Structure formats: C-alpha cells, structure tokens
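Shown next, in structure tokens, is the structure this report addresses.
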Amino acid sequence: MDAILYALFGRVIRPSKMPSNEDIVSYGSGEAQVRLDFNIGETTYRVIREVHKTRPNRAMLYEMGPGGNNRTLASSVKDVTAEIERLLGGITYDEIVASSVVAQKDLERLIKQRLDDRRKVINVFLNLESFNKVQDQLDTERTRIEGTSRTPGQLTLERQRLEGMVEELKEYDETRVQLASLEEKIEKLKAEQQRKEKQFTDTDILYKTLSEYEEAIKQRESLQREIDDKTRLANNLQQQLSSIVTQRLELEKAESEVKKYGDLADADRAISRASESLEKVRAAELQKSQLEEREQKLQTQIVETNRKIAELGESKRTAGSAPRRIWEYLTATAALGAGAILSFILTFVILTVIFGSLAVVSLLLLARQIASLSEQAQASRRQQEQLASTQLIGSWNDELGQVRRERDVAGGTVKQGSIEILRVLNSVESYSSYLQGLEDPKEAVEQATSIYNQDKQSLSAVQERVSMLQRLLQEEPKLKQRLNQAQLDIATVEEKMGGTILPPLPSGVEFSEELLGEALQLRDNLRDSVSRVKTQVEDSISRVLELKQFLEENVGLGEKVDEQKRKVRLLEKELAVVKYSVKGLEQTSESLRNRVKPQVERYMGLILPVITSGRYKAVQLEEDYTVRVFDPEAGEFRPKEVFSGGTEDQLLLAMRLAFALALIPQAKGRNPEFLFLDEPLGSSDKVRREGILELMHKELSQNFKQIFLISHVGDLEVEADTVIEMDNGSVREIVNRKPAMPQPVEIPA
C-alpha cells in the first residue's frame, strides 16, 4: 500500500508523510525504484519513481499507447505528482488516505484531522472544489491583509508605517524648531571659539618662552654638573698619580719581606722528614709499651707459679707411710663375715658376736687402707703438677729475656728518633730560636708546623700585595692619559657653557617652575576648550545640515500621512469584506457538508450489523464526527470508547467504510475506483470476518472496481479474484482465480 501511495504522490503513511530517502531505501542499498501501472477509464498510465541516497530523486509519468507508443506526461518529481492529482480529478494524498485507504492502525485518521483539513476532504468528494479554491483564496487574502502570529499582514505593516509617518511628522515639526535654535547656538559658539583661540595663542607663546628659558637653565646646570664631574675625576686621577711614589716604596718593602721567607722550602722539607721520623718514634713507643706490659705479665706469672710449687712441696712432706696391702684386709673381712653368718645360722650367738665384731674391725681397717691409697694418688698428681710448673717457669724465663731485649731495642729507637727529630728541626735557622727548651719531639714538630703555616700565610699575603702594587704601577701611563683627556673635556664644557644664553622674558615676568606649570596647565585647558568648542560648532553645523536634509526629504509629509490614513481605512474595509465572505462561504459549505453526516450514519447503519453479527445497528455522529453507538443492553447511545478494543475497531472500520461510500461524488463523474483495506480482519472473530467479506462482495464491490484486502488471516483465497502473495516486501506469486477485467497490479522494478 505504501509503495502504491509513494508511486502516486511521493508520500507514505509510515514512518511519515514526507519520508527521507534513508527511511524508505532498504538497509545496505543505495537506491530503489517504484513502478506502477494504473487505469483511468480506458487509458493506462505508468509512473516510475527512482529514490537515491546520494543524489536527487527522479520521477517519470507515461501515457501507455498501443504497440509501445508511449507519451511522456511529466518528467520531474513535482510535475509527476501534480499531473497525477489532475488525472484523479484533483484528489490529493490526504483525500485518498481519508477515503480510499482504510488501515487497521489508522482508522481514526479522518476524525483526528484538523477541522479545516476534514472540511476540504469532504468538499472535494462532494464536488465542492470551488468552495475549497475560493476559501483558499479568501484565506490567502485574509492572511495577506491580516497576517499571522509569525508574519505580519499588509494591514499591520501599513498601520506600522502610518504610526512611523505620524512620528516622522511630529519629528518634522520639532526639527524646524530645533533648527532655528541650533543656528543661534552656532553663532554664539563661533564667537566663543575666536576668544578661546586668542587666549590660547597668547598662553602658548608665554609657555614656549618659559620652556626655552627652563631648557637653557637646565642646559647650564647640566654643563656645570659635567664640569664638576670632570674636575672630580681629574683630582682623583691626580691623587692616584701622586700615590704612585708611595706604592713603589711599598713594593720594595714587600719584595724585601718576601726574601725573609727564603728558607720556607727548607722548613717544609725538614718538617716532612721530622713528621716521618715522629711516626716511627710513635710506633717504637707503642711497641715498647706493649713489651713492658708483657714483661710485667711474665714476671707476675713466674712469681705465682713459684708459690704454687712451694705449696706442693709442703704437701709431699706431710704425707704418711705407704699403707698395707689392701687384699689382706679384704680377705680377713670376708672370712670373719662368713664365720659370723655361719655362727648365726648354727645359733652360736657368742661366736656370731665375736666374728661379727672382728668383721667390722677388719672392714674399718679396709676403709682406712682405701683412704690411704687415695692420698697417695693425690700426692702423685701434685708431684706431676710441680714438675710441669717448673718446666713452664723455665719457658717463661726464656720469653722474659727475649721481651727485655726487644724492649731495650724499642727504647733505643725512641731515643734515637727523638734526637734525630730535634736535630732536623733545629737545622732550620729561623726556627731554632722557637724550639729551644723543647725535648718532646711531638711538641717540637707541632711547634715547627704551626710556625711554618703562619709563615706560609704571611708569604701568600705579601706576594698578593706585591702583585697588586705591580698592577697599580702598570696603570701609571693610562692614568696620565685619562688626566690629560679630563682636563681637555673640562675646557670644552666651560667653553660651551659660556655660549649658553638665557632667552628674554616678557616685561614683569619672573621665571619659576610654578609659573611654567601654570602656563602649561592653562595652555592645555585652553586647547581642550578650543577643541571642545570647535567640535560643538562642527557637530552643530553637521546637525543643521542633517535637519535641513530631513526637512527637504519630508516636504509634503502631512499629505503623505493623510494618504496613508486613507490606505489603512481601505485595507480595514477590505479585511471586513473578506471576513464576511469567509463566514458566508463557511456557512454555505457547512450546510452542504452537513448532508454527508446522514449519509455516513445511514451507511454505518447498513455496515455495522453485518460486521458485528447484528449486535449493534444504530449510530450517531456528533459535530466533530465523534461516534456514539446504541447499546441494546444499556438502552442508550454510548461513546465508542466504552466498548472493548475489538468492538471499537469494528465501529471505526464501519465509519471509515461509510465515509468511503458517502463521499463518492457520483455527480462528479469521476472518483477513486479502488479501495485499500489494511488488516480489517485482525481484531474480528470468524463470524464477524464472514460479515465483513459479505459486505465487500455486495455493497463495496458495487461502488469500487478494485478492492485490495491486505491480511495475514488464512483461508481467504477463495474469496478473492486475484491473490498476490508477498514475501519480505516483494511479490512472490500472482494467482488469478476468476476471470475479470484487467486490473492494475504493482510490479516491482
């Protein structure tokens, strides 16, 4: 359906009336083509529209002749649409969609249209195109005169122009008064300008004279300062030259001081040798100290060991005689013990006591013998310790002798090194007096080092003083040259100063900086005042010229205002006539359009029982075409919104079909001979679908040559003369089941 509407009018129902090429060209494609053949009477026409994403669209309309002899009727998008509307008798896209296209999702299109659009649709199908044209012309005329909320009309513009002209006339009268006042003001300003200019000239001459006088004074002061600076420079140079003799004496004295430090290098070498010897003496002293500590330790160990040997000798002399043999006491003890046991067994008590007592005595003697053996073993150990200690003392005496010899050698090294250090340091004649009475080599080295460092610093200072004095003596020729140049400069500046003359001042005027400042300020004020008055004169003259030009341009402005008032009154009368004509036309066309509602109600009364299985019959249409249906259960007419969704769709379908039948202009002699029904069976059960199909076979087929039924409901093939099966937007198969007149069929390019 959208393809046929686009072929005829270049517009579709969805997604919008005027879609973009991106919306209607398949995804992934860059272009598309729609071709449609249709008949009007006995003539066949072909329209081809090409859609492109990247370049302008194209359209062609042909009148198909016999033998392929086709005639081109239009060759542009706009011309093709206009020619098709002409061929259809002036029926536009909106009128077709409102009458011959009944879509399930768009059943309320006619109701929801704006009142003016709905009236124009009905006018077209009532053969009242002249009303539409006249109404459009009157609306255009009213819009031209009255305007809109966005665009002002001619009447508004003329009123605004009249208001502007009235303001201009008022301004014209005010300008004449203002012009006379300005001319008088200009004469006064010119007189004031001449007076200010004379004052400015006199003040400017005085200021320039004072400025020249000040400049001469400043020049003389500058030259005097330059003379003073040059004189100070010459005096300074003279003093520097006078100090050259003193600096020569100081140089000779400093050079003699340098000679005093001639043996500083010998002192450096002597201190280095003494420092090396001092390190050796310190090492020998450390070694001697360590050997003395070792000697003391060995002597202590020898004394302690001798004492222990003496104690061991005393223990040996106090030890008893050798004990008897231990085996005799052991045998006797065993025998006596056995006899005591045997006597006890034999019950000889006395023998038991005697043998027992003897056994105890023998046991005690055995224990004494064992203790004696232990003392002998301990005495043997003490003897061994005494022998080992004697050997150790001999070893320590040998080591003690070696330590004493090494100590004596280290002491000799210390003594000899100290003598050498003092000899080396005293070899420096300038240092010998400072080292008298010092015997410690360390103190002698530190004293010599301190004296050396002081002498080294003093020598560095004297050498720096010598270098400075030598540089100063080298500057003597330059100082003399600069002194001569300074004296020449002083003579030149004094000559120039003598040629500086102060300009004469006016009689009674004495120069001062305050007077110069006052003259400058007065001159600037007068110059500003002259410039301001001159600007006022120029602005006033310019304003006079503008006012005169304005008066010249607006000569006869009063007559123009009267003419504009007459023009506004004529437009107001014209607007009143247009509004009265529109009102009369609307009343006349409304009375004719009101004839449609009874027809729509009558057709709905015929259609509604068929598609609702006789449940609903009578309907009423309000002024805004709101549908009210008689509900048998409620016994009254009720709005369509109170019924179920399926019933509401059936009511709207009945209304749209009734409009399609009621708006057929039989008197016009030409009308759309096709009807599109898009999914009218979707919300109906089997019984109501049969009613809708019966309606198509009878009432609708009597008024339309072609009825296109678009549906996804099955088992409808037997009801149709031609079945067109679509698959993914393309025609897959066309089956003609009954012979019929040639009918236009959409054929994809």
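Conditions (1) within 30 Å of Arg142 (Cα to Cα); (2) modelled with pLDDT under 80; (3) loosely packed, with under 14 Cβ neighbours inside 10 Å; (4) assigned by TED's automatic domain parsing to the domain that holds Gly691, marked per residue:
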{"site": "Val578", "(1), (2), (3), (4)": "yes, no, no, no"}
{"site": "Glu590", "(1), (2), (3), (4)": "yes, yes, yes, no"}
{"site": "Glu601", "(1), (2), (3), (4)": "no, no, no, yes"}
{"site": "Tyr616", "(1), (2), (3), (4)": "no, no, no, yes"}
{"site": "Pro632", "(1), (2), (3), (4)": "no, no, yes, yes"}
{"site": "Leu663", "(1), (2), (3), (4)": "yes, yes, no, yes"}
{"site": "Glu679", "(1), (2), (3), (4)": "no, yes, no, yes"}
Check on Val349, in the same structural domain as Gln386 (by TED's automatic domain parsing), at pLDDT below 75 and not hydroxyl-bearing (Ser, Thr, Tyr): yes
Quick count over the stretch 582-621, residues being part of a loop (DSSP other than H, G, I, E, B) and either hydrophobic (A, V, I, L, M, F, W, C) or touching a Gly at 6+ places or on another chain (Cβ under 7 Å) (or both), is 3
Within the stretch 78-89, can one find any residue that is part of a loop (DSSP other than H, G, I, E, B) and either more than 54 Å from the chain's Cα centre (by Cα) or at pLDDT 75 or above (or both)? yes
Based on what the data block shows, is Gly153 in contact with a Gly (Cβ under 7 Å, 6 or more places away or on another chain) and either modelled with pLDDT of 65 or more or outside the structural domain of Ile707 (by TED's automatic domain parsing) (or both)? yes
Search result, residues across the stretch 244-264 that are assigned to a helix (DSSP H, G or I) and touching a residue at least 24 places away in the same chain (Cβ under 8 Å): Ile244, Gln247, Arg248, Glu250, Leu251, Ala254, Glu255, Glu257, Val258, Leu264
Scan the stretch 691-703 residue by residue and report those that are in contact with a strand residue (DSSP E or B) (Cβ under 8 Å, 6 or more places away or on another chain) and under 23 Å from Met726 (Cα atoms). Met696
Looking at the stretch 681-729, which of the residues that are modelled with pLDDT of 80 or more, under 60 Å from the mean Cα position of the chain (by Cα) and not acidic (Asp, Glu) is farthest from Ala3 (Cα to Cα)? Ser711
Which numbered condition Asp173 fails, given (1) assigned to a helix (DSSP H, G or I); (2) under 60 Å from the mean Cα position of the chain (by Cα); (3) modelled with pLDDT under 85: (2)
Note on the stretch 343-359: residues assigned to a helix (DSSP H, G or I) and either under 60 Å from the mean Cα position of the chain (by Cα) or loosely packed, with under 14 Cβ neighbours inside 10 Å (or both) are Ile345, Val349, Ile350, Val353, Ser357
Exactly one of Ala74, Ala82, Ala7, Ala59 is buried (at least 19 other Cβ atoms within 10 Å of the Cβ) and farther than 21 Å from Phe676 by Cβ, and that residue is Ala59
Is the stretch 637-646 home to any residue that is at pLDDT 80 or above and part of a loop (DSSP other than H, G, I, E, B)? yes
Determine whether Leu479 is farther than 30 Å from Leu249 by Cα and surrounded by 13 or more Cβ atoms within 10 Å (Cβ to Cβ). no
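Does the stretch 176-199 hold any residues that are among the hydrophobic types (A, V, I, L, M, F, W, C) and either in contact (Cβ under 8 Å) with a residue 24 or more places away in the chain or not in a helix (DSSP H, G or I) (or both), and which are they? Don't jump to the end; show me each part of the working.
Initially, the stretch 176-199 is screened for residues among the hydrophobic types (A, V, I, L, M, F, W, C), giving 177, 179-180, 182, 186, 189, 191.
Scanning the stretch 176-199 gives Leu179, Leu182, Ile186, Leu189.
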Count of residues meeting criterion [at pLDDT 75 or above and touching a helix residue (DSSP H, G or I) at 6+ places or on another chain (Cβ under 7 Å)] in the stretch 307-329: 2
Going through (1) surrounded by 12 or more Cβ atoms within 10 Å (Cβ to Cβ); (2) under 16 Å from Leu206 (Cβ atoms); (3) of a type in the set (Asp, Glu) one by one, Glu510 fails only at (1)
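For the stretch 203-218, how many residues meet the condition of being more than 17 Å from Pro504 (Cβ to Cβ) and surrounded by 13 or more Cβ atoms within 10 Å (Cβ to Cβ)? I'd like the intermediate steps shown before the answer.
Just the residues of the stretch 203-218 that are more than 17 Å from Pro504 (Cβ to Cβ), to begin with: 203-204, 218.
When the remaining residues are screened for being surrounded by 13 or more Cβ atoms within 10 Å (Cβ to Cβ), the result is 203-204.
Qualifying residue count, the stretch 203-218: 2.
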How many residues of the stretch 544-561 are exposed (fewer than 11 other Cβ atoms within 10 Å of the Cβ) and part of a helix (DSSP H, G or I)? The answer is 5
Positions within the stretch 395-441 being in a helix (DSSP H, G or I) and of a type in the set (S, T, N, Q), in sequence order: Ser395, Asn397, Gln402, Thr413, Gln416, Ser418, Asn426, Ser430, Ser432, Ser433
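Residues that are within 21 Å of Ile707 (Cα to Cα): list the strands (runs of 3 or more DSSP E) wholly contained in the stretch 1-75 that include at least 2 such residues.
Numbers: elements: 31-40, 43-52, 58-64, 71-74.
Once the strands (runs of 3 or more DSSP E) in the stretch 1-75 are filtered for at least 2 residues that are within 21 Å of Ile707 (Cα to Cα), what remains is 31-40, 43-52.
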Would you confirm whether or not the stretch 42-54 contains a residue that is modelled with pLDDT of 90 or more, crowded, with 18+ Cβ neighbours inside 10 Å and among the aromatic types (Phe, Trp, Tyr)? yes
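Output yes when any residue across the stretch 13-36 is of a type in the set (Ser, Thr, Tyr), more than 19 Å from Arg656 (Cα to Cα) and modelled with pLDDT under 70, and no when none is.
Of the residues in the stretch 13-36, the ones of a type in the set (Ser, Thr, Tyr) are 16, 20, 26-27, 29.
Filter again for more than 19 Å from Arg656 (Cα to Cα), leaving 16, 20, 26-27, 29.
Narrowing the set further to residues that are modelled with pLDDT under 70 leaves 16.
Yes: one or more hits.
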What about Leu233, is it touching a Gly at 6+ places or on another chain (Cβ under 8 Å) and either closer than 30 Å to Ile419 by Cβ or assigned to a helix (DSSP H, G or I) (or both)? no
Can you work out which of the residues in the stretch 360-407 that are modelled with pLDDT of 80 or more and of a type in the set (Lys, Arg) is surrounded by the most Cβ atoms within 10 Å (Cβ to Cβ)? Arg407
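The values are calculated or read from the model by the stated rules, or taken from the named source; none is laboratory data. As the structure is a computational prediction, the values presented were derived from the model and not from experiment. A quick note on method: Cβ atoms are made from the backbone with ideal geometry, for glycine too, and the neighbour counts reach across all protein chains shown.
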